[in-house]
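Take a look at the structure below.
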């Protein structure tokens with residue numbers, strides 16, 4: 001156990017946030033913390049790290065516990081470069097390396113190896129050298145490069161000043177630094193917000209083997225499914241724990257609530273029956289004793305608390321008022337360019353795909369690749385520069401725009417609905433808005449001041465009333481909480497029309513699409529399945545590409561009669577040179593280890609000449625090793 005909360009309560013200004021929370025984190029736990037916005041997740045995290053005090057209860061932490069906490073949308077703000085900031089994590093080891101070099105120099109300058117000063121320096125060197133090796137001091141740069149590459153900084157200049165980075169890049173860099181620090185407890189609040197698919201997959205694989213405990217707050221259901229084995233939910237001020245990932249949590253919670261409701265109803269029936277018996281028989285002499293016995297049983301009974309009402313969730317149902325032809329959309333050799341002059345960028349070149357009636361198609365790709373622009377081009381909202389976009393007859397499209405640009409900001413929510421559906425009665429508009437949980441005074445707020453979640457629900461209310469046979473949706477789950485996402489998943493699964501979808505929500509991409517179209521710098525690639533199928537196909541493609549490359553090299557070796565004898569001779573020499581360099585590198589590393597051990601060995605402390613010779617050789621070998629590594633890298637690149 002590294003952290004434990006017992007009966008913790010917390011209130012703000014008389015408003016209860018957490019009540020009698022029991023929570024335990026063990027050394028290697030993988031925990032997902034979920035709950036609606038405002039449930040108290042951030043409060044719990046602040047109490048966990050000691051940033052805020054509990055009103056009552058106890059919080060216990062392991063001695064010398066190191067906690068790393070990445071807040072939502074928090075990033076580094078520094079004048080340092082990326083490389084300087086990452087190396088600052090290892091400041092102690094870097095300073096220790098300098099100390100070791102200084103100690104080597106000092107020991108080499110002392111003539112009397114029998115002196116107490118020399119013996120003291122030798123012992124200090126041995127201790128520090130052992131600590132340096134045990135903490136992988138020789139792998140600092142390798143570890144930094146591994147994390148930066150995995151977190152999407154592989155093409156970023158390491159000398160870039162942090163303050164010049166975007167907000168998303170600063171957050172990714174803050175996460176990179178935390179991963180390098182390797183705290184005993186790593187707390188991540190919405191860590192997937194600024195990550196593309198490639199970086200997300202790398203992070204998931206990295207965190208699976210993370211040595212410490214992990215606590216994640218996330219709305220990314222796919223991330224929770226792949227990573228956590230315990231789900232903790234804050235609901236009605238209490239914390240409930242479920243063993244399993246997110247999907248398992250959904251099943252267990254439903255089972256728990258159903259069982260709770262059944263037990264409650266059975267007990268209530270029993271109580272009612274016993275009370276009725278007591279009322280009828282307490283006054284009768286013949287049955288009074290029996291009635292009193294049941295009354296005592298009632299008084300001793302542990303009454304089961306009434307199960308809470310299911311939390312309100314928006315109601316999403318998309319219907320179709322007109323059936324279109326089967327061949328619904330044809331896109332042929334589409335060319336799409338955005339911007340002008342120096343800012344002009346080609347997004348698509350001769351892209352071809354189609355969509356059928358009732359099909360659900362998802363478009364995925366890196367940020368900035370052009371997914372949102374493609375949707376707008378399909379709807380005719382922006383021009384395309386070549387090719388054809390052909391919709392069938394009787395097609396009616398509704399567009400969910402993640403930025404809400406189609407909404408009039410100066411209108412109230414009610415007026416925006418009235419503008420779009422003038423034929424509806426006021427009561428019908430209120431009912432439609434109430435269905436998505438916009439009610440009371442909120443319907444008279446201006447569109448410009450409502451929250452992102454309320455704006456999303458307003459757009460869903462509009463889409464439901466339009467009854468279109470095609471839904472074109474750009475990041476529809478961005479502003480929804482987890483329960484609302486589950487409702488949307490179900491509604492889209494049951495929708496009989498066609499869905500054209502752009503989303504980073506991998507859980508949604510796994511449940512909804514029949515087909516995935518990937519956009520990249522080479523065009524579009526079609527995959528006939530959901531997100532897991534897409535990942536499997538991508539892995540297969542990579543394996544096949546590697547195999548094809550190997551076969552081509554073998555074939556080239558067999559059929560390269562056109563090559564001169566000189567070329568063949570040079571290739572053989574190159575391979576031999578690589579093998580020779582690798583042997584020399586291994587030998588140099590072994591010699592360096594032996595010399596370091598010899599220098600640190602107290603038995604050699606009195607031999608001044610040997611020590612001086614070893615220190616000189618050590619410096620020379622390190623220089624040689626650096627040259628050998630540089631030569632090996634260059635030769636590998638040529639090969």
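The values are calculated or read from the model by the stated rules, or taken from the named source; none is laboratory data. Remember, it's a predicted structure, so these values are computed and weren't measured experimentally. With ideal geometry, Cβ positions are generated from the backbone for all residues, glycine too; neighbour counts draw on all protein chains shown.
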Legend entry - Exclusive hit being under 35 Å from the mean Cα position of the chain (by Cα) and buried (at least 20 other Cβ atoms within 10 Å of the Cβ), set 470, 447: 470
Legend entry - Matching option when the condition is at pLDDT below 95 and either under 31 Å from the mean Cα position of the chain (by Cα) or farther than 30 Å from residue 438 by Cβ (or both), among 344, 322: 344
Inset, instruction - Output the qualifying pairs, or none if there are none: Cβ atoms under 8 angstrom, residues six or more apart or on different chains, first residue in segment 109-135 and assigned by TED's automatic domain parsing to the domain that holds residue 98 and modelled with pLDDT under 90, second residue exposed (fewer than 13 other Cβ atoms within 10 Å of the Cβ) and assigned to a helix (DSSP H, G or I). - result: 110/117; 119/602; 122/602; 123/602; 126/602
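From 567, 573, which residue is over 26 Å from residue 132 (Cα atoms), out of contact with any helix residue (DSSP H, G or I) (no Cβ under 9 Å at 6 or more places or on another chain) and at pLDDT 70 or above? Write out each step before concluding.
Working: 567 fails: at pLDDT 70 or above.
Of the residues listed, the single one that is over 26 Å from residue 132 (Cα atoms), out of contact with any helix residue (DSSP H, G or I) (no Cβ under 9 Å at 6 or more places or on another chain) and at pLDDT 70 or above is 573.
Results for (1) under 15 Å from residue 129 (Cβ atoms); (2) surrounded by 14 or more Cβ atoms within 10 Å (Cβ to Cβ); (3) modelled with pLDDT of 75 or more, shown as yes or no for each residue.
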{"site": "578", "(1), (2), (3)": "no, yes, yes"}
{"site": "585", "(1), (2), (3)": "no, yes, yes"}
{"site": "588", "(1), (2), (3)": "no, yes, yes"}
{"site": "593", "(1), (2), (3)": "yes, no, yes"}
{"site": "618", "(1), (2), (3)": "yes, yes, yes"}
{"site": "624", "(1), (2), (3)": "no, yes, yes"}
{"site": "639", "(1), (2), (3)": "no, no, no"}
Legend entry - Among (1) in contact (Cβ under 8 Å) with a residue 60 or more places away in the chain; (2) closer than 22 Å to residue 399 by Cα - the single one residue 483 does not satisfy: (2)
Inset, instruction - Considering only residues that are at pLDDT below 95 and part of a loop (DSSP other than H, G, I, E, B), look in segment 66-76 and name the one that is nearest to residue 128 (Cα to Cα). - result: 76
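Residue under question is residue 405, and the condition is that it be out of contact with any strand residue (DSSP E or B) (no Cβ under 9 Å at 6 or more places or on another chain), at pLDDT below 95 and surrounded by fewer than 15 Cβ atoms within 10 Å (Cβ to Cβ); does it hold?
Numbers: out of contact with any strand residue (DSSP E or B) (no Cβ under 9 Å at 6 or more places or on another chain): yes; at pLDDT below 95: yes; surrounded by fewer than 15 Cβ atoms within 10 Å (Cβ to Cβ): yes.
Taking the combined requirement at face value, the residue satisfies it.
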Legend entry - Those residues of segment 7-41 which are in contact (Cβ under 8 Å) with a residue 40 or more places away in the chain, outside any strand (DSSP E or B) and surrounded by fewer than 16 Cβ atoms within 10 Å (Cβ to Cβ), in sequence order: 26, 27, 28, 37
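From the list 372, 293, exactly one residue is under 28 Å from residue 488 (Cβ atoms), part of a helix (DSSP H, G or I) and modelled with pLDDT under 95. Which is it? Show your work before the answer.
Values: 293 fails: under 28 Å from residue 488 (Cβ atoms).
Result of the check over 372, 293: 372.
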Legend entry - Test: residue in segment 486-504 that is buried (at least 16 other Cβ atoms within 10 Å of the Cβ), out of contact with any helix residue (DSSP H, G or I) (no Cβ under 9 Å at 6 or more places or on another chain), in a helix (DSSP H, G or I) and assigned by TED's automatic domain parsing to the domain that holds residue 360: yes
Legend entry - Only one of 355, 377 that is buried (at least 17 other Cβ atoms within 10 Å of the Cβ), under 33 Å from the mean Cα position of the chain (by Cα) and part of a strand (DSSP E or B): 355
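Report yes if residue 423 is in the same structural domain as residue 443 (by TED's automatic domain parsing), buried (at least 18 other Cβ atoms within 10 Å of the Cβ) and in a loop (DSSP other than H, G, I, E, B), otherwise no.
Working: in the same structural domain as residue 443 (by TED's automatic domain parsing): yes; buried (at least 18 other Cβ atoms within 10 Å of the Cβ): no; in a loop (DSSP other than H, G, I, E, B): yes.
So residue 423 fails the test.
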Legend entry - Only listed residue being over 15 Å from residue 202 (Cβ atoms) and either under 17 Å from the mean Cα position of the chain (by Cα) or without any contact (Cβ under 8 Å) to a residue 12 or more places away in the chain (or both), chosen from 177, 145: 177
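Given the criteria over 35 Å from the mean Cα position of the chain (by Cα), assigned by TED's automatic domain parsing to the domain that holds residue 493 and not in a helix (DSSP H, G or I), does residue 361 qualify? Give the steps one after another, and end with the answer.
Numbers: over 35 Å from the mean Cα position of the chain (by Cα): no; assigned by TED's automatic domain parsing to the domain that holds residue 493: yes; not in a helix (DSSP H, G or I): yes.
No.
So, residue 414, is that one in contact (Cβ under 8 Å) with a residue 12 or more places away in the chain, in a helix (DSSP H, G or I) and buried (at least 18 other Cβ atoms within 10 Å of the Cβ) or not?
On the way: in contact (Cβ under 8 Å) with a residue 12 or more places away in the chain: yes; in a helix (DSSP H, G or I): yes; buried (at least 18 other Cβ atoms within 10 Å of the Cβ): no.
In short, no.
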Legend entry - segment 301-346, subset in contact with a helix residue (DSSP H, G or I) (Cβ under 6 Å, 6 or more places away or on another chain) and not in a loop (DSSP other than H, G, I, E, B), residue surrounded by the most Cβ atoms within 10 Å (Cβ to Cβ): 336
